[in-house]
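Notes to accompany the following structure.
The values are calculated or read from the model by the stated rules, or taken from the named source; none is laboratory data. None of the values given here were measured: they were computed from a predicted structure. Ideal geometry is used to build each Cβ from the backbone, glycine not excepted, and the neighbour counts take in all protein chains shown. With ligands, DNA and RNA removed, areas are computed over all heavy atoms of the protein, side chains included. Shrake-Rupley method; radii C 1.70, N 1.55, O 1.52, S 1.80 Å.
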Amino acid sequence: MSPGFAVGALKHLLVGKPIPSHQAHHERYTKSTGLAILSSDALSSVAYATEEILRTLLIAGTASLWLVTPIGCVIAGLMLVIAFSYRQTIYAYPGGGGAYRVARENIGTVAGLVAAAALLLDYVLTVAVSIAAGVAAVTSALPAWHVNTVELSVGFLALIMIGNLRGIRESGRIFSVPTFFFLGSMGMLLLVGAYKVLTGDVVPIVPASAVFVPAETASLSIFLVLRAFANGCTALTGIEAISDGVPAFKPPE
């Protein structure tokens, strides 16, 4: 077996057959698959946004943790405003249009390039932080794997890369499964939690002395609250994905 044939066979196994241009329209998303794959960016950010708020507020001690709810409500309101804005963008640019196109056509080229640079950094950092947060969650459930965090991160990155190289339809099938699983898990968590609260079946957890954070460790300043809000705004990343991905949906987009 020649090296060229082996490379070609490996490429065929990993990324599949090449798709002719005249058949590309058959590879577009359905509504359910498209929303699942394009929403995974935003959902991955939501998964660790609350944790980032908690990490910051703990600097001022456990007595400041009540601020998690009001900060989360402000971020949720801001998310609704941004989502409504992008909904208008979808109607105004049915052929696909995100911050770059909107800024370039309505403000100027420089504003469009600034928006494009911000989006590029956002996408790269979202992948990096999402993978790191996911690996941290896995290793917290399986502590024995903690020594392999780098290997796990690189492996998940390779999986995402291969999934995207297989084409729109194949990547939709691959990434829609964890998205729907995440939504189902969160829905179950909320339902079970609400049931336990309503029935009075909630048992407070007493923290161990080794990990207990004193009630007052630092002053709760406005800077600390704003820092917690800024960290929690990681939940806002990925909202633009659907606006950018309109052309990837099957007609009528």
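Only protein heavy atoms count here; under a 1.4 Å probe, MET188 has an accessible surface of about 120 Å². Note on PHE156: accessible area approximately 80 square angstrom, rounded to 10, probe 1.4 Å, nucleic acids and ligands left out. Projecting the Cα positions of VAL135, SER185, ASN148 onto the charge dipole of segment 98-193 (unit charges on Cβ atoms of Lys, Arg, Asp and Glu, taken about the Cα centre) puts SER185 furthest along the positive direction.
Between amide H atoms placed 1.01 Å from N, distances below 5 Å from GLY61 occur with THR217, ALA218, all of them 5 or more places distant or on a separate chain.
Can you tell me what percent of all Cα-Cα pairs in segment 34-120 are more than 14 Å apart?
75 percent
Counting heavy atoms of the protein chains alone, TYR123 has an accessible area of about 80 Å² for a 1.4 Å probe.
When all protein chains stay in place and ligands, DNA and RNA are ignored, the 1.4 Å accessible-area order of ILE242, ILE75, largest first, is ILE242, ILE75.
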